[in-house]
Amino acid sequence: MTRRRRCGEFEGIARYFAPLARAYPFAFGLRDDAALLRLRAGEDAVVTSDAMVAGVHFFPDDAPDLVAAKLLRTNLSDLAAKGARPIGYQLVTAWSAQTGEDWMAAFARGLAGEQRRYAVALMGGDTVATPGPASFAITAIGRVRRGAMIRRSGARAGQDIYVSGHIGDAHLGLLLRRGDFRLERDKVSARYLLRRHQLPEPRLVLGRALVGLASAAVDVSDGLLADLGHICEASGVGARVELMALPISRQALRAMALAPATRLALASGGDDYEICFTAPRAVRERIVRLSARLGLPLTRIGAVIRGTGVEAIGADGSAIRVDQTGYRHF
Ligand SMILES: [Mg+2]
């Protein structure tokens, strides 16, 4: 991490961030110009980046440790979808007038907790000050057996489409956070949905288990239907999704009675950080067993078809065509 001596606050970088690099010996305590990435024979490095800007990707009054945790987790989620095992990450921070030393300390504490949870370490990065809103970017680095990274481009017509966990919790959590509706009588569900929005769980164990099983995979960050659309585009196929087959949590079902949110909205709202993947029909049994072994729902929600784009089938059998510009009923 390049340290720039601009103000006293940046002296704090060494205090708050250098300890995060201790667990990765080839980061040299952040005292060199670069870190070293040493892979084992027969492995590929998988690299992915995600950024967050105050007021755009998080609320300026969000807890700093949660902001840090979500930033790291969204990056780990991308590694998960590729079947990779995380090694560490680079962090670039642009601190604003609103993110003083207390904020910075809490942000670093958040990262420390996540590092223990996911066995990763800080490998380097850069720090600057900005007159604009604070922004943070992480580049996560993982490893995978050579050639085994799960691409977006392997889906073939006739294969099944699955999604892990539950879809729509994070969207409802965001609506709650924005005050678009209330769940006053059910605080337990409200807390659960908010948590799912603020602190997604990267499906790392699942991702690794999908190597050799899934033909294509993506993590759900833009919304299930949009991200499935990315698989379709890269694979040159279409997809048909049954909205009634979507795995909706009981907390989300309760909230939907009050929230301005349909199943189509849950499938379009982003931030679930579940894994959407395709797989040949021949491995259906293996996926059922994998779901039981992980204690994680893996729900078959549709099929890969010839053509282009994503088609969502409603409860009444009507088809809704989904593309980048929105929905078209036909
Ligand atoms: Mg992604």
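The values are calculated or read from the model by the stated rules, or taken from the named source; none is laboratory data. All values reported here derive from a predicted model rather than from experimental measurement. Neighbour counts run over all protein chains shown; Cβ positions are idealised from the backbone, glycine included.
Can you spot a residue in region 26-38 that is of a type in the set (K, R), assigned to a loop (DSSP other than H, G, I, E, B) and closer than 30 Å to T278 by Cα?
no
Residues I141, I87: which one is within 16 Å of the ligand (Cβ to nearest atom), within 22 Å of S49 (Cα to Cα) and in contact with a strand residue (DSSP E or B) (Cβ under 8 Å, 6 or more places away or on another chain)?
Numbers: I87 fails: within 16 Å of the ligand (Cβ to nearest atom).
Checking each option against the conditions leaves just I141.
Which numbered condition trips up T74, out of (1) under 24 Å from Y273 (Cα atoms); (2) without any contact (Cβ under 8 Å) to a residue 60 or more places away in the chain; (3) β-branched (V, I, T)?
(2)
Among (1) on the phi < 0 side of the Ramachandran plot; (2) surrounded by fewer than 20 Cβ atoms within 10 Å (Cβ to Cβ); (3) of a type outside the set (A, V, I, L, M), there is one condition S164 misses while meeting the rest; what is its number?
The one condition S164 does not meet is (2).
Looking at (1) surrounded by 13 or more Cβ atoms within 10 Å (Cβ to Cβ); (2) in contact with a Leu (Cβ under 9 Å, 6 or more places away or on another chain); (3) in contact (Cβ under 8 Å) with a residue 24 or more places away in the chain, which is the only condition A315 fails?
(1)
If L76 meets every condition in (1) closer than 24 Å to V220 by Cβ; (2) more than 16 Å from the ligand (Cβ to nearest atom) apart from one, which number is that one?
Result: L76 fails condition (2) only.
Output yes when any residue across region 60-70 is within 16 Å of the ligand (Cβ to nearest atom), buried (at least 22 other Cβ atoms within 10 Å of the Cβ) and under 18 Å from F136 (Cβ atoms), and no when none is.
Scanning region 60-70, I find at least one residue that is within 16 Å of the ligand (Cβ to nearest atom), buried (at least 22 other Cβ atoms within 10 Å of the Cβ) and under 18 Å from F136 (Cβ atoms), so the answer is yes.
Mind listing whichever residues of region 121-151 are closer than 23 Å to R208 by Cβ and either of a type in the set (V, I, T) or not in a strand (DSSP E or B) (or both)?
Matches in region 121-151: I138, T139, I141, V144, R146, G147, A148, M149, I150, R151.
Give V56, V67 a once-over and let me know the one that is within 18 Å of the chain's Cα centre (by Cα), modelled with pLDDT under 95 and closer than 27 Å to H171 by Cα.
Sole residue among the options that is within 18 Å of the chain's Cα centre (by Cα), modelled with pLDDT under 95 and closer than 27 Å to H171 by Cα: V56.
Just name the residue that is surrounded by the most Cβ atoms within 10 Å (Cβ to Cβ) out of those in region 207-225 that are among the aliphatic types (A, V, I, L, M) and within 16 Å of the ligand (Cβ to nearest atom).
Filtering region 207-225 for residues among the aliphatic types (A, V, I, L, M) gives 209-211, 213-214, 216-218, 220, 224-225.
Add one more test, that the residue is within 16 Å of the ligand (Cβ to nearest atom), and what stays is 210, 214, 216-218, 220, 224-225.
On the way: L210: 26, A214: 26, A216: 27, A217: 30, V218: 25, V220: 28, L224: 28, L225: 26.
Only one residue fits best here, namely A217.
Out of (1) at pLDDT below 95; (2) within 16 Å of the ligand (Cβ to nearest atom); (3) among the small types (G, A, S), the odd one out for S49 is which?
Here S49 clears every test but (1).
Determine whether A51 is touching a strand residue (DSSP E or B) at 6+ places or on another chain (Cβ under 8 Å), of a type in the set (G, A, S), touching a residue at least 24 places away in the same chain (Cβ under 8 Å) and part of a strand (DSSP E or B).
It is true that A51 is touching a strand residue (DSSP E or B) at 6+ places or on another chain (Cβ under 8 Å), of a type in the set (G, A, S), touching a residue at least 24 places away in the same chain (Cβ under 8 Å) and part of a strand (DSSP E or B).
Does G295 qualify as being out of contact with any strand residue (DSSP E or B) (no Cβ under 8 Å at 6 or more places or on another chain), modelled with pLDDT of 95 or more and not polar (S, T, N, Q)?
For G295, the condition - out of contact with any strand residue (DSSP E or B) (no Cβ under 8 Å at 6 or more places or on another chain), modelled with pLDDT of 95 or more and not polar (S, T, N, Q) - is met.
How many residues are assigned to a loop (DSSP other than H, G, I, E, B), touching a strand residue (DSSP E or B) at 6+ places or on another chain (Cβ under 8 Å) and more than 16 Å from the ligand (Cβ to nearest atom) when one looks only at region 226-282?
The total comes to 4.
Name every residue in region 264-286 that is surrounded by 20 or more Cβ atoms within 10 Å (Cβ to Cβ) and not acidic (D, E), in order of residue number.
Initial filter on region 264-286 (surrounded by 20 or more Cβ atoms within 10 Å (Cβ to Cβ)): 266-269, 271-279.
Within region 264-286, L266, A267, S268, G269, Y273, I275, C276, F277, T278, A279 meet the criteria.
Assuming L193 fulfils every condition listed in (1) part of a helix (DSSP H, G or I); (2) within 16 Å of the ligand (Cβ to nearest atom); (3) under 21 Å from F58 (Cα atoms) apart from one, which condition is it?
Result: L193 fails condition (2) only.
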